[in-house]
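Colleague: So that we are looking at the same thing, I have put the structure below in structure tokens.
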Amino acid sequence: MIVGYMEGTDGRLLTNLVVEGIDTLPVSNGWDNHGKTLGHIGPADKVDLVVGHLHKVFSRTLDVSAKDVLYNCVIHKLPIFLLVPECNWSAARDCLGEVADNVILIDPENALAKILEKLGKAPSCAS
């Protein structure tokens, strides 16, 4: 299993994923050059899920929408988890626009459990 992660994703979360037997791969929104651009992600990459923060897929100043950044993830049915405090989920859905239904918002405090659940893995220890 492979989780693609955007720049700024919590290192503890990534370390815990590795400990759980899940590989990680840096991915980019296309302008931060963090890793493989999400616009180039496809089935051959064998990425099972993408995780990152809302600000990595949405900008009010750049001429790019969340749909533009996440397009390949959506067409390849790749689960997208965005880390957003639960109290901000409604506003985050507004920012995501027409791709809001393709994104799973998770509170950063529950990220590991939710990702492992989606990947069908039980955590090896309580965190």
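The values are calculated or read from the model by the stated rules, or taken from the named source; none is laboratory data. Worth saying up front: this structure is predicted, and the values here are computed from it rather than measured. No Cβ is skipped: glycine too gets one built from the backbone with ideal geometry, and neighbour counts run over all protein chains shown.
Colleague: Are any of the residues in the range 83-97 surrounded by 16 or more Cβ atoms within 10 Å (Cβ to Cβ) and in contact (Cβ under 8 Å) with a residue 60 or more places away in the chain?
Modeller: Yes: one or more hits.
Colleague: Would you tally the residues in the range 1-28 being more than 17 Å from Pro79 (Cβ to Cβ) and buried (at least 17 other Cβ atoms within 10 Å of the Cβ)?
Modeller: Within the range 1-28, residues that are more than 17 Å from Pro79 (Cβ to Cβ) and buried (at least 17 other Cβ atoms within 10 Å of the Cβ) number 2.
Colleague: Can you tell me how many residues within the range 98-127 are assigned to a helix (DSSP H, G or I) and free of Cβ contacts under 8 Å to residues at least 40 places away in the same chain?
Modeller: Residues flagged as assigned to a helix (DSSP H, G or I) and free of Cβ contacts under 8 Å to residues at least 40 places away in the same chain within the range 98-127 amount to 10.
Colleague: Scanning for something free of Cβ contacts under 8 Å to residues at least 40 places away in the same chain and touching an Asp or Glu at 6+ places or on another chain (Cβ under 9 Å), does the range 13-26 turn up at least one residue?
Modeller: yes
Colleague: Determine, yes or no, whether Leu14 is assigned to a helix (DSSP H, G or I) and either of a type outside the set (Phe, Trp, Tyr) or closer than 20 Å to Leu119 by Cα (or both).
Modeller: Spelling it out, Leu14 is indeed assigned to a helix (DSSP H, G or I) and either of a type outside the set (Phe, Trp, Tyr) or closer than 20 Å to Leu119 by Cα (or both).
Colleague: When the range 33-71 is examined, which residues are found to be surrounded by 14 or more Cβ atoms within 10 Å (Cβ to Cβ), at pLDDT below 95 and in a loop (DSSP other than H, G, I, E, B)?
Modeller: Result: His34, Gly35, Ile41, Val57, Phe58, Ser59, Val64, Ser65.
Colleague: In this structure, is Gly30 more than 18 Å from Leu83 (Cβ to Cβ) and in contact with a helix residue (DSSP H, G or I) (Cβ under 7 Å, 6 or more places away or on another chain)?
Modeller: Yes, satisfied.
Colleague: Next question. Using beta carbons and a limit of 7 Å, which pairs, at least six apart or on different chains, have the first residue in the range 43-64 and within 15 Å of Phe81 (Cβ to Cβ) and the second one of a type in the set (Asp, Glu) and surrounded by 12 or more Cβ atoms within 10 Å (Cβ to Cβ)?
Modeller: Lys56/Glu7
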